[in-house]
Amino acid sequence: MHRIGVIGSGYVGLVTGTCLAELGNDVVCADTDAKRIEGLMRGELPLHEPGLAELVHANQASGRLSFTPDVGDAVRGRNIIFIAVGTPARDDGHLDVSHVRDAAIDVAKYVDGPTIVVNKSTVPVQTADLVHSLIAQAKTSAHETTVVSNPEFLREGSAVVDFMHPDRIVIGVSHEGAEAALRELYAPLRAPLLVTDPRTAEMIKLVSNAFLATKISFINEIANICAAVGADVRDVAAGAGADKRIGAACMQPGLGFGGSCLPKDTLALHRIAEQADVGAPLLEAALSVNAAQVRRTVARLIALVGGLRGRTIAVLGLAFKAGTDDTRESPAIAFVRSLVADGAIVVAHDPAAEERAGRELGTTVRFVAHPYDAAEGADALVIATAWNEYTELDLAELRRHMRGDVLLDARNLYDPLKAAAAGFRYAGIGRSSPLSAALASP
Ligand code: NAD
């Protein structure tokens with residue numbers, strides 16, 4: 001049993017702390033957002049993540065998991081401290097490590113015994129060195145602190161399962177004792193463990209996200225070609241993805257990648273390459289294909305409805321992907337913003353992200369409680385996020401609620417023939433219907 005402190009109780013920190021408590025450790029999670037902590041103390045979760053609430057409540061009840069607004073409580077008397085604070089993109093595209101710096105200074109201020117500081121935030125290469133020197137400079141006690149890089153690979157929407165059953169655990173460490181402690185901590189997960197130096201571990205995280213982003217942009221580009229030549233990208237992706245060297249994951253075309261990780265981490269790696277005077281045209285292309293994907297899809301909608309001014313568009317899904325309430329960098333939000341800018345009236349639905357989307361979109365969009373309410377009087381219906389509840393909608397019923405007949409299925413959830421049978425003019429992404437082919441190159 002380890003005494004663990006977690007600094008930052010967001011998607012990563014809260015899942016990490018909770019799962020480590022579930023594994024039998026004594027965990028204190030801290031956050032500078034006092035409201036978030038007050039809610040957690042009452043058992044209210046600040047985010048939507050399947051299975052997490054149950055684990056938080058069970059571990060709070062057992063006394064293994066607690067929350068504090070005082071970061072010092074997550075440092076004093078703890079032998080392993082995780083840093084899981086946000087690292088958003090700066091204006092220049094590099095990752096902003098100011099919260100990581102603040103956390104390091106707090107560790108230095110309150111550390112009162114030999115401690116392993118584990119960085120879980122996604123950071124630029126050499127941040128472990130930075131954290132180490134910040135702590136060494138600011139620390140008043142003589143106790144040894146070792147800094148380890150242990151990037152997190154969980155996906156929002158399946159974060160608990162991903163944490164408990166990881167494909168691999170990467171530990172960037174150059175201290176035998178710290179390596180042994182982390183091996184012991186993660187042993188119950190029985191996952192393949194890759195031990196590297198800290199800089200390599202930091203690079204592995206950025207490279208993983210940049211590769212996934214590139215794969216998504218690749219299939220989006222292929223989708224556009226498929227639509228133009230009359231092929232169906234879903235079958236193309238299945239056929240190509242069946243090759244183990246390629247793999248079927250991240251081969252679903254759509255509105256492009258979003259969220260709080262892939263866009264910023266890919267851009268950050270590109271900036272790192274620039275700074276090192278190394279060209280990275282592939283990363284640049286992945287980003288520019290992604291930026292074009294929302295514009296391209298809006299153009300398709302315009303071609304289908306014949307102009308957006310004064311048109312009512314129902315949008316299903318605002319989260320950046322299914323299973324989460326996270327709307328950071330959501331392509332669905334960018335899509336809606338573009339519709340509004342073009343004069344459309346947008347009525348939107350999302351099963352979990354309404355509150356966060358509302359904060360971003362304000363009063364420009366009307367939210368409704370059910371997908372069928374969104375369809376009421378709409379000229380077109382757009383599926384923007386692949387939520388499970390959007391896969392089994394009664395298309396004929398939706399169509400009856402609508403004024404127009406356009407279904408733009410930006411997640412390819414429906415069979416074009418069934419949609420046509422329900423009275424829709426259907427357009428997917430990269431599919432072979434004559435309509436898709438005609439509209440492929442706006
Ligand atoms: P988040 O914004 O959900 O949570 C970060 C939390 O840290 C916030 O609650 C914030 O109030 C708190 N915080 C900021 N500074 C603090 C400080 N000095 N002391 C205490 N708390 C502080 O962010 P997230 O999505 O959990 O991401 C955290 C890190 O993990 C980022 O680097 C991200 O890139 C990385 N990551 C995220 C995911 C993901 O799916 N969200 C997956 C893997 C890695």
Self-check item: Odd one out for Ile219 among (1) under 30 Å from Glu360 (Cα atoms); (2) within 16 Å of the ligand (Cβ to nearest atom)
Solution: (2)
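Please list, ordered by residue number, the helices (runs of 4 or more DSSP H) wholly in the stretch 1-89 having 2 or more residues that are under 30 Å from Arg271 (Cβ atoms). So that I can check it myself, show each step before the final result.
Numbers: elements: 11-22, 34-41, 52-62.
In the stretch 1-89, 11-22 are the helices (runs of 4 or more DSSP H) which contain 2 or more residues that are under 30 Å from Arg271 (Cβ atoms).
Can you name the helices (runs of 4 or more DSSP H) wholly within the stretch 191-302 that have at least 3 residues being of a type in the set (Lys, Arg)? If you could, list the steps in order and put the result at the bottom.
Numbers: elements: 198-229, 233-241, 262-275.
Fully inside the stretch 191-302 and qualifying: 198-229.
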Quiz prompt | Pairs, first open to solvent by 10 Å² or more (accessible area, probe 1.4 Å) in the stretch 1-23, second more than 15 Å from the ligand (Cβ to nearest atom) and acidic (Asp, Glu), C-beta under 9 Å, six or more apart | solution = Met1/Asp26; His2/Asp26; His2/Glu184; Arg3/Asp26
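I'd like to check which strands (runs of 3 or more DSSP E) are fully inside the stretch 327-442 and have at least 3 residues that are at pLDDT below 95 and of a type outside the set (Ser, Thr, Tyr). Talk me through it step by step, then tell me what you get.
Numbers: elements: 345-349, 365-367, 380-383, 406-409, 425-427.
So the answer is none; nothing clears 3.
Among Thr200, Thr196, which is the only one that is away from the ligand (no atom under 16 Å from the Cβ), among the β-branched types (Val, Ile, Thr), open to solvent by 30 Å² or more (accessible area, probe 1.4 Å) and more than 30 Å from Asp415 (Cα to Cα)? If you could, list the steps in order and put the result at the bottom.
Working: Thr196 fails: open to solvent by 30 Å² or more (accessible area, probe 1.4 Å).
Going through Thr200, Thr196 in turn, just one is away from the ligand (no atom under 16 Å from the Cβ), among the β-branched types (Val, Ile, Thr), open to solvent by 30 Å² or more (accessible area, probe 1.4 Å) and more than 30 Å from Asp415 (Cα to Cα): Thr200.
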Quiz item: Of the conditions (1) within 27 Å of Gly172 (Cα to Cα); (2) in contact (Cβ under 8 Å) with a residue 24 or more places away in the chain, Leu55 fails just one. Which one is it?
Solution: (1)
Practice problem: Go through the stretch 314-357 and give me each residue that's of a type in the set (Gly, Ala, Ser) and in contact with a strand residue (DSSP E or B) (Cβ under 9 Å, 6 or more places away or on another chain). | Solution: Ala314, Gly317, Ala332, Ala344, Ala348, Ala357
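Scan the stretch 86-101 for residues that are more than 12 Å from Thr127 (Cβ to Cβ) and touching a strand residue (DSSP E or B) at 6+ places or on another chain (Cβ under 9 Å) and report the count. Steps first, please.
So in the stretch 86-101, the residues more than 12 Å from Thr127 (Cβ to Cβ) come out as 86, 88-93.
This time we only want the ones that are touching a strand residue (DSSP E or B) at 6+ places or on another chain (Cβ under 9 Å), so: 88-89.
Qualifying residue count for the region: 2.
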Practice problem: Determine the pairs where a residue that is under 23 Å from Thr140 (Cα atoms), located within the stretch 76-105, has a partner that is among the basic types (Lys, Arg) and crowded, with 18+ Cβ neighbours inside 10 Å with Cβ atoms under 7 Å apart, the partner being 6 or more residues away or on another chain. | Solution: Phe82/Lys120; Ile83/Lys120
Quiz item: Exactly one of (1) away from the ligand (no atom under 13 Å from the Cβ); (2) under 19 Å from the mean Cα position of the chain (by Cα) is unmet by Arg3. Its number?
Solution: (2)
Quiz item: Would you say Ala276 is in the same structural domain as Arg296 (by TED's automatic domain parsing) and of a type outside the set (Ser, Thr, Tyr)?
Solution: yes
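Out of Leu262, Leu267, Leu304, Leu283, which single residue is buried (at least 19 other Cβ atoms within 10 Å of the Cβ) and either over 17 Å from Phe211 (Cβ atoms) or modelled with pLDDT under 95 (or both)? Please lay out each step first, then the result.
Details: Leu262 fails: either over 17 Å from Phe211 (Cβ atoms) or modelled with pLDDT under 95 (or both); Leu267 fails: either over 17 Å from Phe211 (Cβ atoms) or modelled with pLDDT under 95 (or both); Leu283 fails: either over 17 Å from Phe211 (Cβ atoms) or modelled with pLDDT under 95 (or both).
Just one listed residue meets the conditions, Leu304.
Return the residues of the stretch 144-155 that are open to solvent by less than 30 Å² (accessible area, probe 1.4 Å) and either within 16 Å of the ligand (Cβ to nearest atom) or free of Cβ contacts under 8 Å to residues at least 12 places away in the same chain (or both); say none if nothing qualifies.
Within the stretch 144-155, the subset open to solvent by less than 30 Å² (accessible area, probe 1.4 Å) is 145-152, 154.
Within the stretch 144-155, Val147, Val148, Ser149, Asn150, Pro151, Glu152, Leu154 meet the criteria.
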Self-check item: Failed criterion for Glu54 (all others in (1) over 19 Å from the mean Cα position of the chain (by Cα); (2) open to solvent by 50 Å² or more (accessible area, probe 1.4 Å); (3) within 16 Å of the ligand (Cβ to nearest atom) hold)
Solution: (3)
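The rows are residues; the columns are (1) open to solvent by 20 Å² or more (accessible area, probe 1.4 Å); (2) assigned to a loop (DSSP other than H, G, I, E, B).
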| site | (1), (2) |
| --- | --- |
| Gly93 | no, yes |
| His99 | yes, no |
| Val118 | no, no |
| Leu130 | yes, no |
| Ala136 | yes, no |
| Ala142 | yes, yes |
| Asp167 | yes, yes |
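The values are calculated or read from the model by the stated rules, or taken from the named source; none is laboratory data. Remember, it's a predicted structure, so these values are computed and weren't measured experimentally. With ideal geometry, Cβ positions are generated from the backbone for all residues, glycine too; neighbour counts draw on all protein chains shown. Just the protein is used for accessible areas: all its heavy atoms, side chains included, with ligands, DNA and RNA removed. Shrake-Rupley method; radii C 1.70, N 1.55, O 1.52, S 1.80 Å.
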